[in-house]
1. ³J(HN,Hα) across segment 145-154 via Karplus (A = 6.51, B = -1.76, C = 1.60, θ = phi - 60°), whole Hz, x for Gly/Pro?
2. In whole Hz and in residue order, list the ³J(HN,Hα) couplings for segment 36-50 that follow from phi through the Karplus curve 6.51 cos²θ - 1.76 cosθ + 1.60, θ = phi - 60°; x for Gly and Pro.
3. Please compare each pair in 66/151; 106/179; 38/106; 66/101; 100/179 to a cut-off of 26 Å on the Cα-Cα distance and tell me which ones are over it.
4. Per residue and in Å³, how big is the convex hull formed by the alpha-carbon atoms of segment 20-161?
5. Quick one: 79, 140, fewest Cβ neighbours within 10 Å first, how do they rank?
6. Which ³J(HN,Hα) values, rounded to whole Hz and listed in residue order, are derived for segment 70-75 from phi using the Karplus coefficients 6.51, -1.76 and 1.60 in 6.51 cos²θ - 1.76 cosθ + 1.60 with θ = phi - 60°, glycine and proline given as x?
7. Would you mind checking which residues have amide H under 5 Å from residue 56's amide H? H placed 1.01 Å from N; only 5 or more apart, or other chain.
8. What does the charge count around residue 77 come to, taking other residues whose C-beta lies under 13 Å from its C-beta (Lys +1, Arg +1, Asp -1, Glu -1)?
Amino acid sequence: MKKILFLFFIVLVSSTPAYGHKLISHDDTHRNFESALKIPDHKISWAIYENLGQNEAKFYTFEAQKGDSFYASIVIPKIEGLEEYSPTLVLVGDDNFQKKKISYEKNFPGDEFYEPFGQITYWERQELRTDIPADGTYFIVVMDEKNQSGKYSLAIGTIEDFSLVDFFTILPKAWIDTKLFVNDYDSIAISILILIGFVSVPILILFRKKLIKLR
């Protein structure tokens, strides 16, 4: 049993660098500048899973200093119907002045990459790399300008920052959220059954030993 758990831990650790991002959960209320979802530190690598309706926009905010390098990108889960889905990415200053507007201009469905942690394939979309021009509060806006609806993952930052505790707290929840994001309920159900099996086997062994002693 200990060997199985240790092997599971090794697999989890080895797959994490490919995942790279800490997941930010939310309640889907960040629909304007006033309710923008706060990014704790724009340098740390974060991921945010989103559903976006037609003509909708999602808002995110972060604090930055002059000269900071800023990175953001959008990827689309490889799901039927999203082959040509491409929301617009906008960087806005604290004066609500648009600093950068990035649209996807390459061929569809786009380059693919496989993310081992969640076992999900994504289509790459646009990236934003820039230097922050002045100290202040900034916003990222992801909006639909093509009368489309779909799913996207927004990545912020480039520095991977995981502790040992994260492997047992943040990452398991992130794996479940990833499966829910792509509607992969079968994997969640199978994992729950496996977990029940891990817990049940030692209990059954102990129970059997007690029965033998009572005979």
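1. Each residue's phi maps through the Karplus curve to give 10, 10, 6, 10, 10, x, 10, 8, 10, 9 Hz.
2. 4, 6, 7, 8, x, 8, 5, 7, 6, 7, 10, 9, 10, 8, 9
3. Violating the 26 Å Cα-Cα cut-off are 66/151; 106/179; 38/106; 100/179.
4. Output value, Cα hull per residue: 106 Å³.
5. 79, 140
6. After applying 6.51 cos²θ - 1.76 cosθ + 1.60, I find 10, 10, 8, 8, 10, 10 Hz.
7. Counting only residues 5 or more places away or on other chains, the set is 144.
8. Summing Lys/Arg as +1 and Asp/Glu as -1 gives -4.
Since every read-out is calculated from the coordinates, none of them should be taken as a lab result. It should be emphasised that the depicted structure is a prediction, and the values quoted were computed from it without experimental measurement. Quick reminder, even Gly has a Cβ in these numbers, built from the backbone with ideal geometry, and neighbours come from all protein chains shown.
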